[in-house]
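Remarks on the structure that follows.
The values are calculated or read from the model by the stated rules, or taken from the named source; none is laboratory data. As the structure is a prediction and not an experimental result, all values here were calculated from the model. Virtual Cβ from ideal backbone geometry, glycine too; neighbours counted across all protein chains shown.
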């Protein structure tokens, strides 16, 4: 009864709440570790009729609870620039543990199918085989086969770790922009190499036992109020990044040359006389080193006063300039039906329009391909 | 046989409860220490009231109020009552609690004074004014004898580091 009244007196002046924030700007490592027991005991001295005495108070004890807080951010500026068909394209994130204790973190790579607005542009394709890996060797670069951990194990207070989202870019015409996000969930730590389960905040309405470690989520809304990828105090975080197909053209050039193979008269230096066989050579060079050119189609009209030599089209790696057009070519048939063709390169000759069409499967970045065919001078 | 467990349990409970009381029991001065937190409760009129509740859910950065309640349970008045409370490790002293007398504070447990009269020696020489963070002990002195049956409370606010 007495205690209660005294307390009421103490509470009469509650205008000093501003004190609360004074010690909040501190690092997680300097915070009292979750599970620490804090006890308060006072002692007293006094005299009774001049005789000194001492007394000790009861001890008040409480256990410091777990204040779960962490950040997840993307560490790259702008989008990762990719090419169609690229494997293991990487976006990079960083997770920092601000909890007053060691934590595991679960990683979940997500496609953002809608345009999130946080990033400029409009998402119009998805990556395949999207995975998240921890930078195990801590070098900031994704190393396939080395960075294989798919969750963060035992991250100390204030420590951070890099996480990669790795995916494959599909061969999809028109693909320009794909957004992805790393969704991180705080999980129970304490056991090395054991994947903790996701933490659940202790119910604020439950009468808690004083000597247990409650879980209190103190993480912020990592993507702001406008976006629903994350909300404050849910033990989760999310950061966004993206992939951009930037190169939509390459420096492709075609060089055409001709040489006389045989004139029926001269063995050594055949001349371009009627009846002579000529070889035309089309050499396609892709000067853009990083990007292949797909489905390169060449058309060539056989000159007047010459006749196409049937079945003479060959497509393949260029030979030494001036000596051989195609070093290791595959012969192509003349008809337009290429269903039986399996090497990707196809060609046909239309005798009506005297037009030769060759379609190269892919000219690699910095690579070249040659097409040769023969004609006879009328 | 069947009835005996009940009284036995009561005895056992008393036995458990006693040592804590026994530690403080020898003298007539009884002191209880409590760590409280401020909680907000909605009152019937729609306003929010602050109340102190036992510290159960406390995380770094939270403010707690340490309350010392003292009482003279003896028949004699107690003179020169001095209550000394070392700040527990992990807590950082902030201020006297509202309604409580301000304690004398100490940076070393030996010299006590008002906070603004204390200075901290700097490593490179010189001194600076002491801050609440520097306080390691708080102490209250009753300037009048504590009459039989008399008591009261002192309290200070601290932040969990």
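One table, with the values for the structure above:
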| quantity | calculated |
| --- | --- |
| Residues of region A:321-345 satisfying the condition of being crowded, with 18+ Cβ neighbours inside 10 Å and closer than 19 Å to residue A:286 by Cα | A:325, A:326, A:329, A:345 |
| Residue count for region A:106-139, restricted to those that are more than 26 Å from residue A:176 (Cα to Cα) and surrounded by fewer than 18 Cβ atoms within 10 Å (Cβ to Cβ) | 4 |
| Positions within region A:48-72 being surrounded by fewer than 17 Cβ atoms within 10 Å (Cβ to Cβ) and part of a loop (DSSP other than H, G, I, E, B), in sequence order | A:49, A:50, A:59 |
| Members of region B:95-104 found to be farther than 11 Å from residue B:138 by Cα and facing chain A (nearest Cβ under 10 Å), listed by number | B:97, B:98, B:99, B:100 |
| Criterion: exposed (fewer than 12 other Cβ atoms within 10 Å of the Cβ) and either over 17 Å from residue B:35 (Cα atoms) or away from chain A (no Cβ under 13 Å) (or both) - qualifying residue of B:119, B:128 | B:128 |
| Residues of region A:73-100 that turn out to be assigned to a strand (DSSP E or B) and under 19 Å from residue A:216 (Cβ atoms), as a count | 2 |
| Residue in region A:267-277 that is in the same structural domain as residue A:326 (by TED's automatic domain parsing), in a strand (DSSP E or B), touching a residue at least 24 places away in the same chain (Cβ under 8 Å) and surrounded by 11 or more Cβ atoms within 10 Å (Cβ to Cβ) present | yes |
| When residues of region A:194-219 are limited to those that are part of a loop (DSSP other than H, G, I, E, B) and more than 14 Å from chain B (Cβ to nearest Cβ), the one modelled with the lowest pLDDT | A:200 |
| Top-ranked residue of region B:15-41 - restricted to ones that are part of a loop (DSSP other than H, G, I, E, B) and at pLDDT below 80, ranked as nearest to the other protein chains (Cβ to nearest Cβ) | B:27 |
| Test result for residue A:66, in contact with a strand residue (DSSP E or B) (Cβ under 9 Å, 6 or more places away or on another chain) and more than 14 Å from chain B (Cβ to nearest Cβ) | no |
| Matching residues, region B:89-112, being in contact (Cβ under 8 Å) with a residue 12 or more places away in the chain and in a loop (DSSP other than H, G, I, E, B) | B:90, B:97, B:99, B:100, B:101, B:102, B:103, B:107, B:108, B:109 |
| Meets criteria (away from every other protein chain (no Cβ under 12 Å) and in contact with a helix residue (DSSP H, G or I) (Cβ under 7 Å, 6 or more places away or on another chain)) for residue B:107 | yes |
| Top-ranked residue in region B:72-88 [being more than 7 Å from chain A (Cβ to nearest Cβ) and part of a strand (DSSP E or B); ranked as nearest to residue B:34 (Cα to Cα)] | B:86 |
| Leading residue by the ranking (surrounded by the most Cβ atoms within 10 Å (Cβ to Cβ)) among those in region B:42-71 that are more than 9 Å from every other protein chain (Cβ to nearest Cβ) and touching a strand residue (DSSP E or B) at 6+ places or on another chain (Cβ under 7 Å) | B:53 |
